[in-house]
Amino acid sequence: MDYSIISKIQKAKEYAEDPSRVTFNSLEIEFRGNNNTYRVTLGPDGWQCTCPGFQTYGICPHIMTLEKLFTPMLKRERLPYAPGQNIVSDVEKANQYAHETDRIRFISFEATFRGGHNTYHVTYHDGKWNCDNPYFQSRGVCSNTMAMEKLLKGMVKPVFLVQESQQSVE
């Protein structure tokens, strides 16, 4: 039994209580709306969404939902409402979606994570976790990835399940 994992689990719980430790640098999400499934991305050039609303107004309920859910982790100003946008309807949808996080599935993200003593880089891509934390490098899990899993519960594959399935393949 690796008893050092117990302290990592406790630290992850504490870290997850402070989402401002995380900064999303990029992300790609599959977002199941009321009528269709859309791809939402955030990168150096800002937000993009494949929905018609974003194509017309440069903002949509999908992005508004993500801004609402992840404000402390985005470290950026929210997109402004656009002239001609149906603001009431979009705000209502965003509020609904924010309570239905099963609509959101992370495909990938790259984030910095401010730990107790250092800042680490955490990535997630198609269910595969990575972190430059030495503990992760040796064990395949760390307090940073476990905290991210808690923060994104249900929107990502759990790090333990991913690690177990990778080990069973080997």
Test Ser26 against the stated conditions and say whether it is within 18 Å of Glu149 (Cβ to Cβ) and among the small types (Gly, Ala, Ser).
no
Identify the single condition in (1) more than 29 Å from Val159 (Cα to Cα); (2) hydroxyl-bearing (Ser, Thr, Tyr); (3) touching a Lys or Arg at 6+ places or on another chain (Cβ under 9 Å) that Tyr81 does not satisfy, given that it satisfies every other one.
(3)
Kindly evaluate Ile29 against the criterion of being at pLDDT 95 or above and under 17 Å from Gly154 (Cα atoms).
yes
Filter segment 1-21 down to the residues that are polar (S, T, N, Q) and within 20 Å of Thr119 (Cα to Cα) and list them by number.
Ser7, Gln10, Ser20
When you scan segment 65-73, do you find a residue that is farther than 25 Å from Ala147 by Cβ and not charged (D, E, K, R), even just one?
no
Given (1) surrounded by 14 or more Cβ atoms within 10 Å (Cβ to Cβ); (2) touching a residue at least 40 places away in the same chain (Cβ under 8 Å), index of the condition Met64 fails:
(2)
Restricting the first residue to segment 92-113 and requiring it to be touching a residue at least 60 places away in the same chain (Cβ under 8 Å), which pairs with a second residue that is among the hydroxyl-bearing types (Ser, Thr, Tyr) and surrounded by fewer than 16 Cβ atoms within 10 Å (Cβ to Cβ) meet a Cβ separation below 9 Å and a spacing of at least six or different chains?
Arg103/Thr37; Ser108/Ser26; Phe109/Ser26; Glu110/Ser26; Ala111/Ser26; Thr112/Thr119; Phe113/Thr119
Please go through segment 19-45 and give me each residue that is touching a residue at least 12 places away in the same chain (Cβ under 8 Å) and either among the small types (Gly, Ala, Ser) or within 20 Å of Val88 (Cβ to Cβ) (or both), ordered by number.
Ser20, Ser26, Gly33, Asn34, Gly43
Here the residues within segment 22-66 that are of a type in the set (D, E, K, R) and within 28 Å of Asn118 (Cβ to Cβ) are Glu28
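The values are calculated or read from the model by the stated rules, or taken from the named source; none is laboratory data. Because the structure is a prediction, the values reported are computed rather than measured. All Cβ positions, glycine included, derive from the backbone under ideal geometry; neighbour counts span all protein chains shown.
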